[in-house]
Structure formats: structure tokens, C-alpha cells
1. Just the residues that are in a helix (DSSP H, G or I) and either at positive phi or more than 19 Å from the chain's Cα centre (by Cα) (or both), please, taken from segment 176-221.
2. Among the candidates 284, 310, which residue alone is part of a helix (DSSP H, G or I) and out of contact with any helix residue (DSSP H, G or I) (no Cβ under 6 Å at 6 or more places or on another chain)?
3. Give all pairs with beta carbons closer than 8 Å in which a residue from segment 109-129 that is farther than 16 Å from residue 250 by Cβ meets a residue that is assigned to a helix (DSSP H, G or I); count only pairs at least 6 apart in sequence or on separate chains.
4. Quick test for you: out of 255, 268, pick the one residue that is over 18 Å from residue 215 (Cα atoms) and at pLDDT below 95.
5. Select from segment 77-95 the residues that are within 20 Å of the chain's Cα centre (by Cα), modelled with pLDDT of 90 or more and under 14 Å from residue 141 (Cβ atoms) and list them in ascending order.
6. Sort through 183, 160, 190, 168 and tell me the only one that's in contact (Cβ under 8 Å) with a residue 40 or more places away in the chain and farther than 30 Å from residue 96 by Cβ.
7. Going through segment 290-311 one residue at a time, which ones are over 25 Å from residue 163 (Cα atoms) and surrounded by fewer than 20 Cβ atoms within 10 Å (Cβ to Cβ)?
8. Take segment 101-129 and flag every residue that is in contact with a strand residue (DSSP E or B) (Cβ under 8 Å, 6 or more places away or on another chain) and more than 23 Å from residue 196 (Cβ to Cβ).
């Protein structure tokens with residue numbers, strides 16, 4: 001396989017004694033297509049509103065986005081060799097190799113360096129099962145594939161009561177391990193000292209790094225005064241500035257936790273939003289966009305070692321203004 005960079009294994013990186021390779025959830029095309037259509041509709045409505053406010057015309061049909069093979073020549077090579085697309089969203093895809101043992105993630109906007117660095121760090125400093133990385137380029141990331149189901153799909157359908165209890169214990173331990181790793185100087189940032197990321201908007205907003213939580217809180221309210229001049233002050237008055245700044249996954253939704261009966265958590269994937277954030281962020285992000293039809297989300301308060309009721313309410317209120 002060609003690559004713009006050398007494989008990581010050749011660099012002599014240390015690996016944990018029992019590495020957990022990448023797991024990619026099976027494709028759920030109908031649900032994913034519905035999500036993409038809804039996302040595009042919301043984006044077009046917002047862009048149309050902005051254009052009209054500026055007195056500018058807005059086209060009825062945007063130009064089509066490049067296909068996977070148009071965006072990534074390597075994808076064409078993999079598909080021609082018997083690979084298949086097993087997951088897709090608006091700007092990224094996952095291709096299962098023809099050999100059946102590896103997958104490559106492609107992203108039109110590029111692979112965040114912090115994603116790979118966070119996986120390497122977590123594999124070396126915790127017992128959390130994370131993807132084993134083979135190769136990384138500007139817009140692709142190749143990892144090993146293992147079988148499993150997302151916790152979102154498996155919680156009600158595949159896992160027994162004993163399995164669910166095991167998964168909850170494991171996740172509580174893994175989250176505790178992350179929270180034990182503090183930001184060395186209290187700075188709030190993506191992994192590797194890069195800008196922090198706020199996911200409340202349709203497209204993530206980047207800013208910082210921030211020296212303290214007060215500056216981070218101001219960043220979280222960026223642009224809100226344009227929607228309502230009074231709301232930012234109301235929300236800002238409820239935001240604490242004294243949380244511990246800890247290592248955070250950033251997106252522990254059910255699609256990013258892979259499980260198997262009798263094993264429990266096989267892997268936690270998708271570390272592109274990882275970084276050092278206030279200790280409540282992982283839980284509050286989950287509550288703000290939870291799928292309450294999945295039992296995993298009802299178990300969150302037992303999985304996380306500490307509750308953040310006020311922070312969750314503030315985060316839900318804040319995000320409601322950006323939707």
C-alpha cells in the first residue's frame with residue numbers, strides 16, 4: 001500500500017502487551033443515509049438564511065461533493081482489490097480491505113494528527129483497548145479490523161444482563177483512567193497542544209489553546225450573542241471555572257464503543273476529538289445528544305464516576321441555541 005508517510009511500526013513505537021485492533025461497526029445504510037440527508041438539509045437551510053439576510057442569491061442545487069474515489073486515489077486501489085465501504089458519513093468513509101483484516105478511514109478534510117497521537121498515548125499509558133495503527137497519511141488512516149458490534153446496536157439485542165454489567169464496569173474503569181491523567185499545566189486543548197474543539201455547532205469550532213477554564217467558557221459562547229444578546233450572560237453565569245482539566249475522549253457515543261458477548265468492551269475508537277478538557281465534558285456531550293432509545297445512555301450515571309447535573313443542563317441549553 002502506498003502512503004505519504006512511513007508506517008508507524010517501522011518507527012519502533014512501543015505497543016501494549018495486548019493491543020486491541022480497530023473495530024469498525026457494520027454499515028447501517030438506511031439510517032446513515034437518513035442522517036446525511038437531514039444534515040445536508042439543515043446546512044442548506046442555514047446557508048439560505050444567511051444569504052438572504054445579506055441580500056444574496058442562493059442556488060437551488062449545490063454542486064455535488066467529490067466521490068470517495070475522486071477524493072482519495074488510495075480508496076480506488078483498495079476497492080479494485082476487493083475492498084468494500086462499510087461505513088460512511090458526509091465527509092468520511094471506512095473501507096474494509098479485501099484481505100478482511102484491515103480497514104482504512106478516509107476523511108475529505110484530513111486526518112487530525114491528534115487522533116493518532118492520542119491512540120498511541122492511551123495504548124502506552126492505560127489499559128484501554130484502542131485501535132492498532134498501521135499507516136497514516138494526510139487523509140487516510142489504516143488500522144486492523146476485528147469483529148464486533150457498536151454498543152448502540154448490541155446493548156438491547158446481543159448483550160446479556162451479565163455482559164451489560166461487565167461493559168459498564170469496564171467503561172467506568174477506562175473513564176477513571178482517563179480522568180487520572182491531568183493536563184500538565186492546566187491548559188485546555190486538543191491532544192498535542194492543538195486548538196480546542198467545540199462540537200455544539202454543525203461544523204466543529206476550533207479555538208485556543210486556553211490557559212484557563214474562564215477563557216474556554218468564553219470560547220464556548222462564541223457567536224451566541226448574534227442569536228440572542230441576553231442568553232450568553234444567562235448561560236455564562238452558570239458556568240464554573242474550577243474543574244480539573246483531564247484527558248478526554250470527546251465522543252463516547254454508542255457508535256464509538258465496540259463490544260462482544262463474553263468479552264465486553266473490545267475497543268474504543270474514533271479519538272479525533274481527544275484532548276485535555278474540563279472533567280465534565282465527556283458526560284455532558286453525551287447527555288446533550290443522547291439516543292434515549294438505547295439503554296447505554298440510561299446507564300451513563302452508573303458508568304461515570306461522578307455526576308455533573310448542573311454542567312449537563314448548561315451544556316444542553318447552550319447547544320440548543322446552536323441547532
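The values are calculated or read from the model by the stated rules, or taken from the named source; none is laboratory data. Predicted model only: the values in this text are computed from it and were never measured. Ideal geometry is used to build each Cβ from the backbone, glycine not excepted, and the neighbour counts take in all protein chains shown.
1. The answer is 213, 214, 215, 216, 217, 218, 219.
2. 310
3. Pairs found: 120/8; 127/173; 127/174; 127/177.
4. Selected residue: 255, the only one of 255, 268 that is over 18 Å from residue 215 (Cα atoms) and at pLDDT below 95.
5. Of everything in segment 77-95, those that are within 20 Å of the chain's Cα centre (by Cα), modelled with pLDDT of 90 or more and under 14 Å from residue 141 (Cβ atoms) turn out to be 93, 94, 95.
6. 183
7. Listed by number, the residues that qualify are 309, 310.
8. The answer is 101, 102, 103, 104, 106, 129.
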